[in-house]
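The values are calculated or read from the model by the stated rules, or taken from the named source; none is laboratory data. Everything numeric in this text was worked out from a predicted model, so none of it was measured. As a convention, Cβ positions derive from the backbone with ideal geometry for all residues, glycine included, and neighbour counts pool all protein chains shown. Only protein heavy atoms, including side chains, enter the accessible area calculation; ligands, DNA and RNA are left aside. Shrake-Rupley method; radii C 1.70, N 1.55, O 1.52, S 1.80 Å.
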Amino acid sequence: MQSTDTSNALQERVNQIREKMAAAARQAGRLPADILLCAACKSQSSHLVRLAADSAVDVFGESRMQEMRTHLRDAAFAGKPCHFIGQLQTNKVRQVVGQADLIHSVGSPRLLAAIAAEADRQGITQAVLIQINLGQEASKTGISEESLRTLLEQAAASPGVLVRGLMAIPPPTDSPAQARPYFAQLRELMNRADSWGIENTKLNILSMGMSDSYEAAILEGATLVRIGRQIFGERP
Ligand SMILES: *Cc1c(COP(=O)(O)O)cnc(C)c1O
């Protein structure tokens with residue numbers, strides 16, 4: 001009984017998010033179908049993730065390697081794609097490469113090299129996004145805008161990785177409207193990077209926007225939004 005209630009409530013929340021996503025897309029003159037909803041499932045049980053798999057989410061986003069393994073073991077995604085969106089330590093690369101369909105959080109030459117080496121070892125190509133540190137915050141992960149070209153050139157020389165786009169977590173703002181310039185900055189950066197025509201890159205994924213900011217992100221061109229609390233409620 002409780003599970004049915006939980007499932008219905010969750011599906012209803014996801015449907016509401018999808019409606020808001022579609023409205024923002026139309027406002028920006030974009031197609032709602034061009035934007036993916038990624039459920040950020042850190043701290044959530046396999047049971048709840050499995051319920052979310054029956055809702056209108058497109059992909060799952062994992063922030064912690066161990067939780068990703070648990071959710072995969074329990075078949076909680078029910079066949080939907082699994083992305084790795086959290087900070088990835090170099091020593092955990094082996095457990096994530098080949099398991100995650102897309103790694104969003106490549107923010108250093110060292111991590112890119114480790115992913116490429118592991119993908120080579122497995123004989124696969126790992127799709128990745130480059131994480132950009134937009135606010136130049138010392139505490140935040142991601143590379144600076146200025147370092148992007150060098151990192152893409154490194155990727156071009158690494159057959160094990162294919163760069164699919166950019167990801168960012170803008171600095172906290174008082175309102176979603178204040179985050180829009182950051183989202184615009186990321187979109188412009190991807191357009192510029194695309195015009196460089198670097199090999200081994202196919203830049204068309206813009207991963208930006210979370211529970212409090214996804215509509216603003218869509219207005220500025222997000223193709224994938226990562227939403228946790230609005231789907232699952234406050235984290236346990
Ligand atoms: C947790 C998390 C999210 C989702 O955040 P909410 O505020 O719960 O929507 C998005 N992206 C990343 C990288 C996260 O770790």
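At an R0 of 45 angstrom, the distance between the Cβ atoms of residue 136 and residue 58 translates into a FRET efficiency of 0.90. Note on residue 121 and residue 234: the model spin-label points, each 7 Å out from Cα along the C-beta direction, lie 4.2 nm apart. Using a simple spin-label model with pseudo-atoms 7 Å out from Cα toward Cβ, residue 33 and residue 4 lie 3.4 nm apart. Taking a sphere under 12 Å around the Cβ of residue 74 and counting the other residues whose Cβ falls inside, with K and R at +1 and D and E at -1, yields a net charge of +2. In this structure the chain gives 46 Å² per residue of accessible area when probed at 1.4 Å with all protein chains present. For the stretch 65-112, a/c is not less than 1.5, where a ≥ b ≥ c are the root eigenvalues of the C-alpha gyration tensor, and a/b tops b/c. That puts it in the prolate class. Each peptide in 191-202, 47-58 was scored by the mean count of other Cβ atoms within 10 Å over its residues; highest first, the order is 47-58, 191-202. Positive end of the dipole of the stretch 1-144 (Cβ unit charges, origin at the Cα centre): among 70, 124, 108, the Cα lying farthest that way belongs to 108. Cross-link candidates for residue 20: which lysines have Cα within less than 24 Å, leaving aside residues fewer than 8 places away along the same chain? Partners within reach: 42, 80. Between residue 147 and residue 174, the FRET efficiency from the beta-carbon distance, with R0 = 35 Å, is close to 0.75. Computed from label points 7 Å out along Cα-Cβ, the spacing between residue 87 and residue 47 is 3.1 nm.
Out of all DSSP beta bridges in the chain, what portion is antiparallel? Express it as a percent rounded to 5. Just about 0 percent of them are antiparallel. Think of the chain as having a plus end and a minus end, set by charges on the Cβ of Lys, Arg, Asp and Glu; of 15, 209, 39, 39 sits farthest toward the positive end of this dipole. Measuring nothing but protein heavy atoms, the accessible surface of the chain at 1.4 Å probe radius is 47 percent carbon and sulfur.
If R0 is taken as 25 Å, the Cβ-Cβ distance between residue 66 and residue 15 corresponds to a FRET efficiency of 0.20. In terms of its C-alpha gyration tensor, the stretch 67-180 comes out oblate, because a/c is 1.5 or above while a/b does not outweigh b/c. Inter-part distance, the stretch 188-207 to the stretch 92-153, computed on C-alpha centroids, equals 15 Å.
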